[in-house]
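Take a look at the structure below.
Where a number appears in this text, it was derived from the coordinates with a stated rule and is not lab data. Computed from a predicted structure; not experimentally measured. FYI the Cβ positions are ideal-geometry reconstructions off the backbone, even for glycines, and counts take in every protein chain you see.
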Amino acid sequence: MLATVSRVDVGMPAPDFVLSDAEGQSRSLSDLRGQPVVLAFLPPGWDPVQAEQLSHFNALVAQVPGVDAELLGISMDGHWCRLDFGGDELRVPVLADRDPSGDVRARYGITEPQAILLVDADGIVRWRHAGAMNATPRAEALVAALTALAPPSPEVADLSPEAIERNRGVAPCMQEAAGAPFTIMTTRREFVTSALAAALALAVVPLAATAEPLADRLAARSPGGAVAPVPVSLRVNGERLSLLLEPRVTLLDALREYAGLTGTKKGCDHGQCGACTVHVNGRRQLSCLTLAVMHEGHDITTIEGLAQGETLAPMQAAFIEHDGFQCGYCTAGQIMSATALLHEPCGPADDDVRECMSGNICRCGAYPGIVAAIQDVRRRA
Amino acid sequence: MRPFEYSSATSTTAASRAAGADASARFIAGGTTLLDLMKLNVETPGRLIDINALAVNEPAMTAITETAGGGLRIGALVRNSDLAWSPVIQARFPVLSEALLAGASGQIRNMATVGGNLMQRTRCYYFRDTAMPCNKREPGTGCAAIEGHNRIHAVLGTSSRCIATSPGDMPVAMAALDAVVRVRSVRGERTIPLVNFHVTPGAHPERETVLQAGELIVGVDLPAMPWARRSHYRKVRDRASYAFALASAAVALDVAAGRVRNVRIALGGVGTKPWRSPAAERALVGQPATAAAFRAAAELALQGAVPHRDNAFKIELAKRTLVRALTTVAGMA
């Protein structure tokens with residue numbers, strides 16, 4: 001049996017829900033469609049208006065290349081988080097669920113004490129951070145996510161007094177009503193929103209843990225001297241993903257640890273098991289034996305990218321129908337390999353399939369179901 | 001994995017210059033051997049020079065083209081799967097296509113390149129384990145395999161310093177096909193017959209090829225050999241697929257009126273380098289294409305083989321593998 005509760009992950013639509021605030025005012029997620037929304041699943045007693053939040057936010061912003069902005073104040077007004085940039089004020093909807101056993105948490109598959117999700121204007125989850133109460137979020141991963149969500153461009157960076165004056169009064173919620181062009185404000189608004197999401201995530205851990213500059217952290221982790229992270233831009237499942245990575249980060253680790261796409265599995269990490277199989281420019285490859293930095297501009301497809309919305313890809317459906325797995329750990333790699341196989345010159349017999357799939361090891365021994373699933377899809381194609 | 005500097009080269013000249021200036025530099029293409037060994041700290045390059053982007057400016061690096069003499073020129077960045085599935089390779093040099101498809105897995109063949117495959121390093125357990133002595137990894141520390149577990153080790157071309165097996169399949173087929181490796185550096189280009197490209201361990205197991213500092217493999221030439229249409233690669237291993245050879249044979253055979261007119265023989269899984277057998281070839285020419293003659297040639301091919309505690313079986317296995325490969329080709333229409 002498949003698990004009945006699945007996690008809402010990056011790239012997936014955010015399920016709708018209604019939350020009420022202290023004054024009894026209700027707000028549903030779908031009401032806010034058309035603008036980015038921060039979903040914060042936080043422990044009871046969490047207060048977004050702590051003084052150190054400003055430091056968190058500003059320290060974080062300082063690490064994003066090309067962005068120069070100083071946040072002077074954060075306040076909450078119902079579901080709105082007000083961000084004061086010294087004359088310019090932005091309002092970002094923050095839906096905070098502080099009920100540890102709430103059913104919104106359950107619908108999002110959140111089992112960790114705290115989680116922050118960023119939902120984009122189309123209602124798609126763009127970033128997800130979850131962890132234990134005292135787990136320190138990785139500053140470099142947060143910065144990488146920020147960079148991915150809001151690539152620093154002149155528009156984004158432009159929080160100069162003149163630009164602020166130009167945009168004064170065009171708060172996110174009013175902008176749509178006014179029908180103003182979206183380009184500039186949307187970009188900046190998304191940046192601010194994502195930055196806020198990161199700041200919120202950081203805010204639940206002690207300030208001291210996150211105050212040291214990113215470069216120092218990386219240096220501390222690197223025996224024998226640090227190598228500066230380099231910007232890497234991939235297209236993952238059709239979405240542009242910009243990351244800041246050390247050259248030694250494998251494609252597998254970039255996907256799992258930096259992009260939050262944990263569908264791709266790390267088995268042996270030495271190219272012997274096939275669990276990490278992804279498609280690079282349409283061909284199956286082992287993401288553990290290649291560096292992310294070697295894939296600048298490449299199209300990467302992971303298991304998260306196969307289904308069309310709620311409709312499983314034929315190979316995914318066939319694996320379920322033919323019991324092509326037991327524990328499931330190798331399954332993502334098996335399915336990615338099997339999907340690529342459809343476009344390779346693989347012979348017609350079961351033995352041909354076994355040969356072509358020999359790079360994907362299944363410890364449970366689900367091979368008969370795997371071969372049957374692949375043959376079924378090939379017959380129907 | 002140790003940190004390293006990374007750069008992507010846009011020309012073979014730039015790549016060669018960068019590598020020549022830094023003794024700790026390695027080229028990276030498919031990365032399937034190098035990154036595996038870097039994770040084990042067996043390879044610890046200070047700089048990686050990514051040569052994948054070379055193909056943009058130098059399309060010959062990923063091309064398979066006809067040469068004037070009727071042979072083929074294969075770019076160093078051609079992926080193993082593309083070479084294996086190339087119709088011209090399948091038609092003219094089936095042994096090469098079969099050798100490639102007998103190696104690694106579908107995913108790895110999509111990554112691994114011709115040049116990288118020539119540089120593939122041994123699977124000796126002790127070479128891969130930094131807790132063990134190994135003359136190849138750390139010259140002068142000794143060889144743990146000679147007195148240790150050596151079932152997968154070589155019986156041909158060994159020395160008192162090293163018995164590590166050359167692991168590849170593609171180079172074995174290329175050795176049989178008289179392939180020539182083309183290498184380029186800031187000093188210009190030179191060619192090396194593939195059988196001379198790899199060297200036996202001797203007193204210096206750390207040295208595996210004749211490549212000099214800064215030299216980059218840019219391709220492999222296969223000379224015309226029309227009769228290599230009748231060629232075959234036979235590989236014997238512990239499981240049916242996705243395993244290294246215990247013994248393998250790459251053969252091309254030209255039979256006229258029941259007699260051997262021409263033959264090429266190379267062995268894999270048993271040598272410290274891709275093992276061409278000129279003595280066996282010489283002995284077969286002019287002989288009837290029979291199992292008895294093939295067996296006699298196989299005896300010659302394994303003459304001088306030195307077994308260790310666990311790998312004596314390879315000597316007989318290699319002979320039978322070679323006889324089977326020759327018999328298969330002799331039976332081809």
What is the set of long-range amide H partners of B:Ala112 at a cut-off below 5 Å, with H atoms built 1.01 Å from backbone N?
B:Asn80
Compute the separation of the alpha-carbon centres of segment A:269-335 and segment B:269-333 and state it in Å as a whole number.
42 Å
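So if I take the alpha carbon set of segment B:155-296, get Rg, then get Rh from the Kirkwood formula, what is the Rg over Rh ratio?
1.01
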Suppose each label sits 7 Å from its Cα in the direction of the beta carbon; what would the B:Glu206-B:Glu299 distance come out to in nanometres?
4.3 nm
In straight Cα distance, which lysines are under 21 Å from B:Lys319, not counting same-chain residues fewer than 8 positions off?
B:Lys235, B:Lys273
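From the P(r) of segment B:85-243, could you give the percentage of C-alpha pairs in the tail past 29 Å?
That fraction is 24 percent.
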Label-point gap, in nm, between A:Asn281 and B:Glu138 - each point 7 angstrom along Cα→Cβ
4.0 nm
Under 5 Å from the placed amide H of B:Arg237, counting only residues 5+ away or on other chains, we find B:Leu246
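Divide the volume of the convex hull of the Cα atoms of segment B:235-314 by its number of residues and quote the answer in cubic angstrom per residue.
Output value, Cα hull per residue: 106 Å³.
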Computed over segment A:262-349, the ratio Rg/Rh where both radii use C-alpha atoms and Rh is Kirkwood:
0.96
Could you pull out every one of the lysines with an alpha carbon less than 26 Å from that of A:Lys265, ignoring same-chain neighbours closer than 8 positions?
B:Lys39
dims of segment B:158-203, Cα set, principal axes, largest to smallest, nearest Å -> 36, 25, 13
Nitroxide proxy distance, nm - points 7 Å out along Cα→Cβ at B:Arg237 and B:Ala21:
4.1 nm
At 0.36 nm per residue, minus the direct Cα-Cα distance, what do B:Ala292 and B:Arg187 gain on full extension? Give it in nm, one decimal, please.
32.8 nm
Pop the C-beta distance of B:Ala279 and A:Cys364 into the FRET formula with R0 = 45 Å and round what comes out to the nearest 0.05.
0.35
Counting other beta carbons within 10 Å of each residue's own, what order do B:Val251, A:Val104, B:Val78, B:Val88 fall into, fewest first?
B:Val88, A:Val104, B:Val78, B:Val251
Starting from the eigenvalues of the Cα gyration tensor, five times each then square-rooted, give me the equivalent ellipsoid semi-axes of chain B, largest first, whole Å.
31, 26, 16
Which order results if A:Lys265, B:Lys39 are arranged by neighbouring Cβ count within 10 Å, fewest first?
B:Lys39, A:Lys265
Here, trypsin sites (Lys or Arg not before Pro) of segment B:103-200 satisfying both criteria (DSSP loop; at most 16 other Cβ within 10 Å) are B:Arg123, B:Arg151, B:Arg187
What number, in nm² with one decimal, is the all-direction average of the projected area of the convex hull of the alpha-carbon atoms of segment B:178-233?
5.2 nm²
Euclidean distance between Cα centres, segment A:343-374 to segment B:60-134, Å
23 Å
